[in-house]
There are 2 protein chains.
Amino acid sequence: MGTDKLRIEKASEIGLCFGVKRAIGIVEKVAHERGSIETLGALAHNQQVVEKLAAIGVKVAKDIDDICGDTVAISSHGVSPKAEEAIRARHINIIDTTCPSVRRAQIAAQRLAKSGFFVVVYGDADHIEVKGVLGWADGKGIATLDENFMAKLDHLPRRLGILSQTTQIPAHFTEFVKRLVDSTLTKDAELHIIDTICHSTRKRQASAIKLAKKADLMLVIGSHTSANTNRLTELCAGVTETHLVETAEEIQSSWLEDRKYIGITAGASTGEQTINEVLARLEALAKGL
Amino acid sequence: MGTDKLRIEKASEIGLCFGVKRAIGIVEKVAHERGSIETLGALAHNQQVVEKLAAIGVKVAKDIDDICGDTVAISSHGVSPKAEEAIRARHINIIDTTCPSVRRAQIAAQRLAKSGFFVVVYGDADHIEVKGVLGWADGKGIATLDENFMAKLDHLPRRLGILSQTTQIPAHFTEFVKRLVDSTLTKDAELHIIDTICHSTRKRQASAIKLAKKADLMLVIGSHTSANTNRLTELCAGVTETHLVETAEEIQSSWLEDRKYIGITAGASTGEQTINEVLARLEALAKGL
């Protein structure tokens, strides 16, 4: 790939992750069998994927009140047990596409809460996956990215159970945990840490950083609201100039001036088609330089 | 306390700790009732305490084979369940003076091992308390002060349960835990840390350091083989010139030359009499300066 002037290289780990692929596969099959299916929220945080699914009869219900039919698919991000109950209370069937890595985090949160730990989910409190995982702690916890969260609690829990949103940056989670060790480890204190960052996130981040170290420009393809895409952008930006683009149209030709080596990576919800469109536009722009 | 030339001050937390006092009280009561009693190993790591107890009929059995009578007292350092079994198998009754803080560490080790954790006891592998605590992990663990111990293991455990000898330095334990977080926290890894350093150790160390910061010489009174006494010496030596003495006789008059402020602290097994003897000798030497 590339022109005489410019080398363009994809990261070795790119495209839809296992969990998103699996969720799309399940929903496509049901849509094929039934003609249509609703998903609770977008199946993936990616407009292109959502539009492709819409074309085969997959509709998005904004929330539980918005569900019209008798069956709804839960996305790979998962939901809390309370949300599941609320759906079942309306006699709506659930097709569960929760990613196995997210499920592990949910089970970890439940196990820690049941054992008497105050559960700390290292992650974005507004993110659907994090809300779901925290829901499994049955109200006995908090989701935060702020290592000083303890200062805001009414009482200091003696036993802290710590896990992570599956798409966080491992080194940041480790730093967060070390700060908690420093600030909370005292007589009889207990810290139970479970590293729930998924394998796919680790591999994707590692390959993105490896490429960013060689490139003089990185493009991260994905939704501006996707958690894992934003983490990729953050990591690459620490190494070289980096732009997040959701579609090929967002690429500005000025970014390519005087570049020799452009690296491409993409979020876990970014389809192959979008990646190919970005590559095609880069090739076209490169020819025009 | 002190002369015109020299100020001598005791640390605010000094003398026998709760656990050792409790053990001595139990054994003294039994010796009084029965005329004599054996202890498995020395009741406290302090020759003066052992001699005082010997005078009222308390004998030291070196090991289980060395027990002559039908009853033996386990020291405040505790023993492993296997050692207890071995004693009971010989139809010898046990008087258990295990310190409640050590018992908590033993229960923590047992709980972690039963939950499938590889137990890491941060402590001196040759110390009687540490051997006992590790025994409660039923062979599923290691005792070490070396944060690189993982490199020597045949296989890397995914789940690590970490606790501490009750008399270690809290800041050192925290540092050890942070190194383990750095080196072991990866996909699905679990770290369950229980801070089993006792309250008495924390208070004694804090008051020793506070005093050492003001003094130009620190004397730490206690056995050269006592774990907590050695930790106190280590801490004070990081602040000012420090000597460990077991008895008043060990004080060298040359240490006192040009001193203005001498601080005194003592290990958890050091009796009041020994502390008073050290103070008396210091006063006497100070007058001669």
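The values are calculated or read from the model by the stated rules, or taken from the named source; none is laboratory data. What you see is a predicted model; the values in this text were computed from it and never measured. Using ideal geometry, Cβ is built from the backbone for each residue, glycine included, and neighbour counts are taken over all protein chains shown. Note: accessible area is taken over every heavy atom of the protein model, side chains too, but ligands, DNA and RNA are not part of it. Shrake-Rupley method; radii C 1.70, N 1.55, O 1.52, S 1.80 Å.
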_Residues of region B:166-182 satisfying the condition of being farther than 21 Å from B:Gln106 by Cβ, facing chain A (nearest Cβ under 10 Å) and either touching a residue at least 24 places away in the same chain (Cβ under 8 Å) or not hydrophobic (A, V, I, L, M, F, W, C) (or both)_ = B:Thr174, B:Glu175, B:Lys178, B:Arg179, B:Leu180, B:Asp182
*Residue count for region A:29-45, restricted to those that are surrounded by 17 or more Cβ atoms within 10 Å (Cβ to Cβ), not in a loop (DSSP other than H, G, I, E, B) and not small (Gly, Ala, Ser)*: 5
*Residue in region B:120-134 that is open to solvent by less than 20 Å² (accessible area, probe 1.4 Å), within 14 Å of chain A (Cβ to nearest Cβ) and either farther than 20 Å from B:Glu234 by Cα or basic (Lys, Arg) (or both) present*: yes
*open to solvent by 10 Å² or more (accessible area, probe 1.4 Å), in a loop (DSSP other than H, G, I, E, B) and either out of contact with any His (no Cβ under 9 Å at 6 or more places or on another chain) or within 14 Å of chain B (Cβ to nearest Cβ) (or both): does that describe A:Asp146?*
yes
*asked:* Being farther than 20 Å from B:Gln106 by Cβ, open to solvent by 20 Å² or more (accessible area, probe 1.4 Å) and facing chain A (nearest Cβ under 9 Å) is the filter here; which residues of region B:188-206 pass it?
replied: B:Asp188
_So for region A:258-277 (the condition being touching a residue at least 24 places away in the same chain (Cβ under 8 Å), within 14 Å of chain B (Cβ to nearest Cβ) and surrounded by fewer than 16 Cβ atoms within 10 Å (Cβ to Cβ)), does at least one residue qualify?_
no
*Going by the conditions given, is B:Val245 open to solvent by less than 60 Å² (accessible area, probe 1.4 Å) and either in contact with an Asp or Glu (Cβ under 7 Å, 6 or more places away or on another chain) or within 14 Å of another protein chain (Cβ to nearest Cβ) (or both)?*
no
*Just one of A:Leu185, A:Leu163 is more than 7 Å from chain B (Cβ to nearest Cβ), among the aliphatic types (A, V, I, L, M) and open to solvent by less than 20 Å² (accessible area, probe 1.4 Å); which is it?*
A:Leu163
*Which residue, of B:Val79, B:Val60, B:Val50, is within 21 Å of the chain's Cα centre (by Cα), free of Cβ contacts under 8 Å to residues at least 60 places away in the same chain and open to solvent by 40 Å² or more (accessible area, probe 1.4 Å)?*
B:Val60
